[in-house]
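Worksheet for the structure shown next.
The values are calculated or read from the model by the stated rules, or taken from the named source; none is laboratory data. Bear in mind the structure is a predicted one, so any value in this text is a computation, not a measurement. We place every Cβ from the backbone using ideal geometry, glycine too, and count neighbours over all the protein chains shown. What goes into the accessible areas is simple: the full protein's heavy atoms, side chains included, and nothing from ligands, DNA or RNA. Shrake-Rupley method; radii C 1.70, N 1.55, O 1.52, S 1.80 Å.
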Amino acid sequence: MPFTLDRKYIFLILTVVNLAVYAPVLSGGFIYDDHRQVEQNPWIRSVKNLPEIFKHSTAFFQNPENRRGPGNYYRPMHMAAYTLIYALCGNRPWGYHLANLILSILVSFMVYVIAKTWFSSWEAGLGALIFSVHPMHVDAVAWIAALPEMLGALLLLLVLKIHIKDLWKGRDYLVSGICLLAAFLTRENALVLLLLVLIYDALHPQRGWSSMAGVLARRYIVYILAAGIYFYLRYQVLGHFIADSQGYPLSWAGILLNIIPLLAQYYFSLLFPTPMSAFHVFDPVHSFFHLKIIVSLGGLIGLGVLGRYLYKKDKILFFMFCWIPVTLLPFLYLPALGENVFVERYMYLSSVGVCVLLSCGLLRIYHAITRRPARRIYIGLVIIILLGMAGTSFARTFHWRNDITLCTKTLQTDPGAFNFLNLLAYAYYNQGEVERAMEIFGSFDQYFPREDKPGEKEEITYAQVKNLSPKHNIYKQSYFEAQTKLAALHFRRDEVNEALALYRKLTAVFPRDYNMFFPLGLCHEKNKNPDEAASAYRYVLSLNPGHQPARTRLQALGPGITPAGIDKLCAAAKQLADKKEYRQAIESLIKAAVQDPQNAKPYHYLFNVYWLTEQPEKARQAMREALRRDPGNKLFQFNYKALQGK
């Protein structure tokens, strides 16, 4: 090229391009997790809460009463950023979208700054331009909850820019350490920087370990110190360093096998960004000879050959090549990824390497073309590709305008995203279209997996859904969530009998879920059945003694069944058992156990009935429950030991 590009013009171009592509997001609303993380989050509404933000996990801010544990995410900078935005813009969605848009501009410019260190201004500028319009970035820019992707990338690129300086001053150590710690506290995947700088220092032709060992050692001490502080804070809050398993039930062999097609899918989407969706259903493979494995392995081997060529040709190009798999590493650990395994916003940082490599390749092809007409045609083709990418990104921003548009487009792309079917129903309900929401919640039977589908006249039961194979986990979770919400909507519309029927089915499938039994009690109470309601509330308190709503409702109903009443039920059950009417005896004892969950006597009688009917496993379970309520009872201990030998 005959001249170089000035940095301020590059910044101006990138700003204009980002604004042109992503301007529609400013009119978007809160979507999906935004409602819990921002709109309904009281913790971000005062800067006085900042100390508390650093003491809790992300799951805490979405649900302070979360009893499933702290989760896998410790990202205090995420919530701190929301707190700052709220202080400036309140609870207005455009303020958070504007923050994402500003971050997008800054990250695009940092891509140029980093690339300019090694390549020409044209190569760096084109790389940053490709990065700005890449369609796989729409999720990260358009979704408020994806702010950590861009903030973490910005901080990581700042640290890398400081690292590649040959000489450091005292403030470089301080700024680098602070930015790196902030990056860790924004997004866990920032830890890949440690591996990136190791690869860079090993490859850089002028700064090997022998010539700069002392300088590099001091820098790595800063990095290790920042990582140590992060891991200490993470452990204090979450209680673990490595993310807990929450994804698909795969063996380690299955996990390693499925990394191959997952990595290949990321590469393919970075180069050919289609189809795009907010949710991609993950279908694990179980055989090394599966066509998906063979094709993916072939593609990855081809990339390996390209990497070897780049290593011999240009060490910096090879570093950018290594950038892609290294930054994808955190997203290949399947046990921690949950149900959404392949996610487009996970490619945000990885796309830096792809965009810079594409830029260098495109410009080197341009220089290899000697004829001016051919060059003009080539430039025209590149411009058409860039405009196509920008147009695709621009059009996709409209998918993220609200929950209804997002869910509708996602289901059109991937009909198996059943969780988005639920989200669509929620969106219609919140919009006041209750009938439409109930219709969607009640439509799950038609999506029952075809290979397990019963006959046309046979009704699908909750037990059949619960017993579906693990590969249908998304359907199972979404199905029962839909049934629970449908029951709640029936209750709100005073259709108590319909709600009661659903809650009875749900409590049969989930006998240890107190969230099912509390609304069951409300239904009984509304149907003028105080005894049944009291039984449900007592059972809730037996599962969760801290459930204050159940305690309040129980107190409002007045005194419940007395120990004498329990004795009476047990005596009646004994008489039934003596008459060999065992089924009625068991029903009577289960009713007694539900009405007074802390009483051991009904379980002792259940043990006797199960023993008489030659059901040793149920007898053993009943005696365990009796011992749990009265562990010092010698008779219970004797009976349980006798059962252990059976």
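Scanning the range 215-248 for residues that are open to solvent by 40 Å² or more (accessible area, probe 1.4 Å), more than 18 Å from residue 194 (Cβ to Cβ) and at pLDDT below 85, we see that the one that is farthest from the chain's Cα centre (by Cα) is 239. The residues on offer are 598, 555, and the sole one that is assigned to a loop (DSSP other than H, G, I, E, B) and modelled with pLDDT under 80 is 598. Of all the numbered requirements in (1) open to solvent by 40 Å² or more (accessible area, probe 1.4 Å); (2) within 20 Å of the chain's Cα centre (by Cα); (3) free of Cβ contacts under 8 Å to residues at least 12 places away in the same chain, residue 251 misses one, and that requirement is (2). Restricting attention to the range 511-525 and to residues that are surrounded by 15 or more Cβ atoms within 10 Å (Cβ to Cβ) and either among the charged types (D, E, K, R) or assigned to a loop (DSSP other than H, G, I, E, B) (or both), the residue that is nearest to the chain's Cα centre (by Cα) turns out to be 513.
Annotation note: Cβ proximity below 8 Å between a residue of the range 620-633 that is closer than 10 Å to residue 604 by Cα and a residue that is hydroxyl-bearing (Ser, Thr, Tyr) (sequence gap 6+ or interchain) occurs for 622/603; 622/610; 623/603; 623/640; 624/640; 625/603; 626/603; 627/640.
In this structure, residue 102 does satisfy being modelled with pLDDT of 90 or more and open to solvent by 40 Å² or more (accessible area, probe 1.4 Å). Of all the listed residues (405, 370), the sole one being outside any helix (DSSP H, G or I), open to solvent by 30 Å² or more (accessible area, probe 1.4 Å), out of contact with any Ser or Thr (no Cβ under 9 Å at 6 or more places or on another chain) and of a type in the set (Val, Ile, Thr) is 370. Could you tell me whether the range 79-93 includes any residue that is at pLDDT 90 or above, in contact with a Gly (Cβ under 6 Å, 6 or more places away or on another chain) and surrounded by 15 or more Cβ atoms within 10 Å (Cβ to Cβ)? Yes: one or more hits. Of a type outside the set (Asp, Glu) and surrounded by fewer than 14 Cβ atoms within 10 Å (Cβ to Cβ): does that describe residue 388? It is true that residue 388 is of a type outside the set (Asp, Glu) and surrounded by fewer than 14 Cβ atoms within 10 Å (Cβ to Cβ).
One residue alone among 139, 172 is charged (D, E, K, R), more than 33 Å from the chain's Cα centre (by Cα) and either surrounded by 19 or more Cβ atoms within 10 Å (Cβ to Cβ) or in a helix (DSSP H, G or I) (or both), and that residue is 172. Taking the criterion of being in contact (Cβ under 8 Å) with a residue 24 or more places away in the chain, open to solvent by less than 30 Å² (accessible area, probe 1.4 Å) and either under 16 Å from residue 351 (Cβ atoms) or part of a helix (DSSP H, G or I) (or both), the residues of the range 152-169 that qualify are 152, 153, 154, 155, 156, 157, 159, 160, 163. Taken as a whole, the structure leaves residue 264 outside the set of residues that are among the aliphatic types (A, V, I, L, M) and either open to solvent by 40 Å² or more (accessible area, probe 1.4 Å) or within 18 Å of the chain's Cα centre (by Cα) (or both).
Candidates in the range 466-489 are the residues that are touching a residue at least 40 places away in the same chain (Cβ under 8 Å) and open to solvent by less than 30 Å² (accessible area, probe 1.4 Å); of these, the one that is nearest to the chain's Cα centre (by Cα) is 474.
Residue-wise test of (1) more than 20 Å from residue 534 (Cα to Cα); (2) crowded, with 20+ Cβ neighbours inside 10 Å.
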{"site": "588", "(1), (2)": "no, yes"}
{"site": "596", "(1), (2)": "no, yes"}
{"site": "603", "(1), (2)": "no, yes"}
{"site": "610", "(1), (2)": "yes, yes"}
{"site": "619", "(1), (2)": "yes, yes"}
{"site": "623", "(1), (2)": "yes, yes"}
{"site": "633", "(1), (2)": "yes, no"}
{"site": "638", "(1), (2)": "yes, no"}
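Scanning the range 321-360 for residues that are open to solvent by less than 10 Å² (accessible area, probe 1.4 Å) and without any contact (Cβ under 8 Å) to a residue 40 or more places away in the chain gives a single hit, 353. When 391, 432 are screened for being more than 21 Å from the chain's Cα centre (by Cα) and not in a helix (DSSP H, G or I), only 432 passes. Residue count for the range 1-50 under the criterion of being open to solvent by 60 Å² or more (accessible area, probe 1.4 Å), within 19 Å of residue 430 (Cβ to Cβ) and not polar (S, T, N, Q): the result is 3. Screening residue 149 against (1) part of a helix (DSSP H, G or I); (2) open to solvent by 10 Å² or more (accessible area, probe 1.4 Å); (3) under 21 Å from residue 200 (Cα atoms) leaves a single unmet condition, (3).
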